[in-house]
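Following: one structure in structure tokens, then a few remarks.
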Amino acid sequence: MTDTTRFMDSALEEARKAAARGEVPIGAVVVLDGRIVAAAGNRTRELNDITAHAEIEAIRHAAASVGTERLTGADLYVTLEPCTMCAAAISFARIRRLYYGAEDPKGGAVDSGVRFYASPTCHHVPDVYSGLAEREAADILRDFFAGKR
């Protein structure tokens with residue numbers, strides 16, 4: 001198993017934990033120097049906070065863990081293509097690489113929608129790798145919403 005697979009597996013586990021809490025099942029992990037420094041899933045309902053997306057929560061925990069607001073050299077693994085808010089936070093945190101699973105044609109902002117990183121006002125663009133564990137990430141979301149119907 002490669003490190004990339006292992007880290008995405010951890011993000012998928014965070015997504016499953018979010019689903020178990022009744023949250024939209026999205027998970028994220030921040031990796032720095034080859035180790036996970038933060039892991040989180042969506043907590044918007046639990047915290048009554050629309051900004052408590054998995055990516056934002058993971059970035060907050062990572063920044064607290066390393067003691068700085070900039071996560072230069074860190075990589076973020078997330079199960080779903082980030083929205084505009086999360087794409088901006090990733091940029092502001094100076095995340096080095098973004099790995100994501102499933103595309104989000106309706107709400108994504110990296111390769112879909114506004115394509116935030118292609119904007120001339122975006123100051124930092126991470127290297128982006130999409131489609132990592134895409135089927136599994138999409139299945140977790142699909143199963144969650146099927147159970148809601």
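The values are calculated or read from the model by the stated rules, or taken from the named source; none is laboratory data. Quick caveat: nothing in here was measured; it's all calculated off a predicted structure. Ideal geometry is used to build each Cβ from the backbone, glycine not excepted, and the neighbour counts take in all protein chains shown. In case anyone asks, the SASA skips ligands and DNA or RNA and just uses the protein heavy atoms, side chains included. Shrake-Rupley method; radii C 1.70, N 1.55, O 1.52, S 1.80 Å.
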Which numbered condition Asp111 misses (of (1) more than 12 Å from the chain's Cα centre (by Cα); (2) surrounded by 19 or more Cβ atoms within 10 Å (Cβ to Cβ)): (2)
Unmet requirement for Ser65, which otherwise passes all of (1) more than 23 Å from Phe145 (Cβ to Cβ); (2) open to solvent by less than 60 Å² (accessible area, probe 1.4 Å); (3) touching a Leu at 6+ places or on another chain (Cβ under 9 Å): (2)
Filter result (in a loop (DSSP other than H, G, I, E, B) and surrounded by fewer than 13 Cβ atoms within 10 Å (Cβ to Cβ)) within region 121-149: Thr121, His123, Arg149
Any hit, region 90-105, residues being open to solvent by 50 Å² or more (accessible area, probe 1.4 Å), out of contact with any strand residue (DSSP E or B) (no Cβ under 7 Å at 6 or more places or on another chain) and under 20 Å from Ala133 (Cα atoms): yes
Some residue of region 70-83 being at pLDDT below 95 and surrounded by fewer than 18 Cβ atoms within 10 Å (Cβ to Cβ): no
Subset of region 118-149 [β-branched (Val, Ile, Thr) and under 17 Å from the mean Cα position of the chain (by Cα)]: Val125, Val128, Ile140
Ala118, sole failed condition from (1) small (Gly, Ala, Ser); (2) surrounded by 12 or more Cβ atoms within 10 Å (Cβ to Cβ); (3) more than 18 Å from Leu12 (Cβ to Cβ): (2)
Criterion violated by Ala52 - all others in (1) buried (at least 17 other Cβ atoms within 10 Å of the Cβ); (2) without any contact (Cβ under 8 Å) to a residue 12 or more places away in the chain; (3) over 25 Å from Gly147 (Cβ atoms) satisfied: (3)
Conditions (1) out of contact with any helix residue (DSSP H, G or I) (no Cβ under 9 Å at 6 or more places or on another chain); (2) hydrophobic (A, V, I, L, M, F, W, C); (3) closer than 21 Å to Cys83 by Cβ; number of the one not met by Ala28: (1)
Answer residue from region 76-94, given it is in contact (Cβ under 8 Å) with a residue 40 or more places away in the chain and in contact with a Pro (Cβ under 8 Å, 6 or more places away or on another chain) and is nearest to Ala63 (Cα to Cα) among those: Leu76
Filter pass, Asp9 being charged (D, E, K, R), out of contact with any helix residue (DSSP H, G or I) (no Cβ under 6 Å at 6 or more places or on another chain), open to solvent by 20 Å² or more (accessible area, probe 1.4 Å) and touching a residue at least 40 places away in the same chain (Cβ under 8 Å): yes
